[in-house]
Amino acid sequence: MNENEDYFRISKNGNIHTLSDRIPFNWKELMIWTSASFIFLIWFLGIGVGIFVAILTLIGYTIYRFASWIYYTELKIDEQTGKITRLKKILDRTQKTELIADKFDPNRFEYSELTRSGKTKFLMNYRTHKNNELLILKNKTDKELTEKYIAEKITVYNNV
């Protein structure tokens, strides 16, 4: 997985692989996007209404990006023990820990296609006795890279 990807990250620390959906809070991107929207909205809607709508857009987008930076999900796969754990985090503090499976099996991952607003995303599932909805992948490239990473890079040593 590309280390510079904005919406999805895979990392490895020792024997633990981490898949995270944390979106970084980037001030430069926020300023560029909101400046462009300010100009477009003022030009398209006029001075009074354009400024009002642009300010509402600025506030809404800033809250959305800040919330997605604060609240995120991590999936941890331990090569040593074979355990898969999902962590719900708020500001790097774990709020909820859920054991998905004691034994890792890469064949149990499934990807369901979701289409919303004309965009196709993929829901990453792990089948056990129930369907565990893990992460939402933003595009087909992320899905393919994740599948390839799980199949090739994760080797569970204690999978008896």
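The values are calculated or read from the model by the stated rules, or taken from the named source; none is laboratory data. None of these values were measured; they are calculated from a predicted model. As a convention, Cβ positions derive from the backbone with ideal geometry for all residues, glycine included, and neighbour counts pool all protein chains shown. These area figures cover heavy atoms from the full protein model, side chains too; ligands, DNA and RNA do not enter into them. Shrake-Rupley method; radii C 1.70, N 1.55, O 1.52, S 1.80 Å.
Key figures
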{"item": "Nonlocal amide H pairs with Leu134, under 5 Å, H built at 1.01 Å", "result": "Met124, Asn125, Tyr126"}
{"item": "Trypsin sites (Lys or Arg not before Pro) restricted to DSSP loop in region 67-160 with at most 15 other C-beta within 10 Å", "result": "Lys103, Lys130"}
{"item": "Pairwise label distance in nanometres, Asn125 with Gln80, each label 7 Å out on the Cα-Cβ vector", "result": "3.3"}
{"item": "Prolate/oblate/rounded call for the chain, Cα gyration tensor, a/c under 1.5 rounded", "result": "prolate"}
{"item": "Under the Karplus curve 6.51 cos²θ - 1.76 cosθ + 1.60, θ = phi - 60°, whole-Hz ³J(HN,Hα) for region 73-86, x wherever Gly or Pro sits", "result": "10, 10, 10, 10, 10, 9, 5, 5, 9, x, 7, 10, 10, 10"}
{"item": "Note, ³J(HN,Hα) from phi for region 98-113, Karplus 6.51, -1.76, 1.60, rounded to Hz, x at Gly and Pro", "result": "10, 7, 7, 7, 7, 10, 6, 9, x, 6, 8, 6, 10, 10, 9, 7"}
{"item": "Cα-centre dipole for the chain with unit charges at Cβ (Lys and Arg positive, Asp and Glu negative), debye to 20", "result": "300"}
{"item": "Of the DSSP H helices in the chain, those whose Cα atoms cover at least 15 Å axially and whose Kyte score averages 1.6 or more", "result": "47-70"}
{"item": "Gyration tensor verdict on region 9-87 (Cα atoms; rounded if a/c is under 1.5, prolate if a/b is larger than b/c, oblate otherwise)", "result": "prolate"}
{"item": "Qualifying lysines (Cα of each under 20 Å from Cα of Lys148; at least 8 residues distant if same chain)", "result": "Lys12, Lys76, Lys83, Lys103, Lys121, Lys138, Lys140"}
{"item": "Low-density loop cleavage sites - GluC sites (Glu not before Pro) in region 1-81, where at most 12 other Cβ are within 10 Å (DSSP)", "result": "Glu3"}
{"item": "Three-way shape call for region 59-149 based on the alpha-carbon gyration tensor, with the a/c threshold at 1.5", "result": "oblate"}
{"item": "Distance in nm between pseudo-label sites at Ser68 and Leu114 (7 Å out along the Cβ direction from Cα)", "result": "1.2"}
{"item": "Residue-normalised accessible area of region 32-100, given per residue in Å² at a 1.4 Å probe", "result": "62"}
{"item": "Low-density loop cleavage sites - trypsin sites (Lys or Arg not before Pro) in region 18-75, where at most 12 other Cβ are within 10 Å (DSSP)", "result": "none"}
